[in-house]
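Written below as structure tokens is the structure these notes are about.
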Amino acid sequence: MVSRVIPVDPFDLVLFGATGDLARRKILPSLFHRFQIAQFCPKSRIIGSSRSKLDRAGFQDLVAQAIRDYGQDGETGEDDIKAFVELLDYVPVDAKGDMGWQELKSHLRPDVVRAFYLSVGPSLFPDIASRLSSCGVATPDSRIVLEKPFGHDLASAQALNAALRDHFAESQIYRIDHYLGKETVQNLMALRFANSLFEPLWNSTHIDHVQITVAESIGVAGRGEYYDRSGAMRDMVQNHLMQLLCLTAMEPPSRFTPNAVRDEKVKVIEALEPVTQDNIARGQYRGKSGNSYLDHAGNPASATESFIAMKVEVANWRWAGTPFYLRTGKCLRARESEIAVYFRDPPHNIFEGAAGVHGNILVIRLQPDEGITLRTTIKDPGPGGMRLTGANLDMTFADSLPESGRAQDAYERLIMDVIRGNQTLFMRGDEVEAAWAWADPIIAGWTQIGAPAPQPYDQGSSGPDDSLLLMHRDNRRWRGIGT
Ligand code: BG6
């Protein structure tokens, strides 16, 4: 395992929002795990920054505790934690005022990679970008990393892009969509573009439809205020599901370089047909008293969706006639994410009288149990004539590739790519804007007066009935969640 690690150059990483939830749960433990496998050397430094008046020792304690709380089991040795916190420093900075900027500048070294990670609310992005530039903290080679949400609609995303581009070139900007850091999502590209088996079949002649599901079992308690302003469409579809759709539908790029890959993704988004409201099902979970979406959102009159399903058409030669059905929601029966590619049935069944052919389905499982399954039809073994049955060719990565070790968190890969200067797995500005340009009219459709409210669904179910109807209408069925 360790021998496969490609070390990155030494860096100074400034983490804004260093005491926040995302930093403690994801970013700092991810850095720790990559330090443990010696992907970066002790010459690198992580400088925490926020408005909190902590000193270095206080920040070191906070990070050590975050690793114990959120690091991966069995991987958090105290000696390693002790070595890791030696890399840390802390500078209190006021994003909107003068405090701290000159001190921050004096902490940074000229001869190492410089990256600024903004793990803060998007309203602070323009202020921080502008101070980094006006105080001379950023250099022309520095990288700036931004967390979602990247805009609330097209206009706000455009304004954000413009504010960033006043100070940074596009080649310096890393917009994170953590789904792109997931192993199986990258595997989708390997599956499609490193195998010759699938590409000839990867089109509407052979594929009947595609189902993309990101089901979550948790609700929105604890972040209801943010979520209620977003809903499933803004929180998940415009970004994560859109990325999954793009990687499934895109043309093979000429090479695996950042702009070649992102050019192809933008073409997919631009080819999406507008989605009409009758091709959408929205839902809101309900639970026992005090435990429904409306309680968690803190807004008894909320019309925000915690579930959405939709039928999406990609209007190009490859996909015309093959719908993509997207579905995501909170408080569903299980946490399960997958892309299921349904191939068309054989044109003629020679097994007259035999039980039906079980259509081929290629399932790319993102979580849990990352892996790939291909459903096939085989002869039911034993006596009884030529009977057919369905059987799976199944590959779970953990079983097939045990030497690959513990599951990596998506952030590990993405942060190392920032240091390497590789933007392939980050969203380009035009890509984000294209996704909003597609999403905005859809959202406008249900924010009009008189538009139907989201349909209630029970916690632990597969979503509202309208979602099932969306499929039944087309003589299709969703794959089960948690079955
Ligand atoms: C985030 C959303 O971007 O992704 C959350 O804001 C969601 O609402 C999360 O729960 C899902 O990520 P994952 O990696 O757990 O599938």
Exercise. Got a number for residues in region 130-169 being of a type in the set (D, E, K, R) and either touching a Leu at 6+ places or on another chain (Cβ under 7 Å) or buried (at least 21 other Cβ atoms within 10 Å of the Cβ) (or both)?
Worked result: 3
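Here's the yes/no breakdown for (1) at pLDDT below 95; (2) within 16 Å of the ligand (Cβ to nearest atom); (3) surrounded by fewer than 22 Cβ atoms within 10 Å (Cβ to Cβ):
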| position | (1), (2), (3) |
| --- | --- |
| Ser171 | no, no, yes |
| Asn187 | yes, yes, yes |
| Asp208 | no, no, yes |
| Gln211 | no, no, no |
| Ser217 | no, yes, yes |
| Arg223 | yes, yes, yes |
| Gln238 | no, yes, no |
Exercise. Could you say which residue among Thr328, Thr257, Thr304 is of a type in the set (Val, Ile, Thr) and surrounded by fewer than 22 Cβ atoms within 10 Å (Cβ to Cβ)?
Worked result: Thr257
Seminar exercise, completed: Conditions (1) assigned to a loop (DSSP other than H, G, I, E, B); (2) within 16 Å of the ligand (Cβ to nearest atom) -> Gly283 fails only (1)
For this session: Within region 423-469, work out how many residues are more than 21 Å from the chain's Cα centre (by Cα) and of a type in the set (Asp, Glu).
Result: 3
For this session: Take the residues in region 189-206 that are part of a loop (DSSP other than H, G, I, E, B) and not hydrophobic (A, V, I, L, M, F, W, C), then tell me which one is surrounded by the fewest Cβ atoms within 10 Å (Cβ to Cβ).
Result: Ser196
Exercise. Within region 36-46, can you find the residues that are at pLDDT 95 or above and surrounded by fewer than 23 Cβ atoms within 10 Å (Cβ to Cβ)?
Worked result: Ser44, Arg45
For this session: Among what's in region 389-443 and is in contact with a Phe, Trp or Tyr (Cβ under 9 Å, 6 or more places away or on another chain) and modelled with pLDDT under 95, pick the residue that is farthest from Asp228 (Cα to Cα).
Result: Ser404
For this session: Go through region 341-370 residue by residue and tally those that are more than 19 Å from Trp202 (Cα to Cα), more than 16 Å from the ligand (Cβ to nearest atom) and in contact (Cβ under 8 Å) with a residue 60 or more places away in the chain.
Result: 0
Problem set entry | Residues of region 448-483 that turn out to be buried (at least 17 other Cβ atoms within 10 Å of the Cβ) and of a type in the set (Gly, Ala, Ser), as a count | 4
Problem set entry | Tally, over region 427-442, of residues that are touching a helix residue (DSSP H, G or I) at 6+ places or on another chain (Cβ under 7 Å) and closer than 15 Å to Asp177 by Cβ | 10
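The values are calculated or read from the model by the stated rules, or taken from the named source; none is laboratory data. The shown structure was predicted, so the numbers you read here are calculated from the model rather than taken from an experiment. We place every Cβ from the backbone using ideal geometry, glycine too, and count neighbours over all the protein chains shown.
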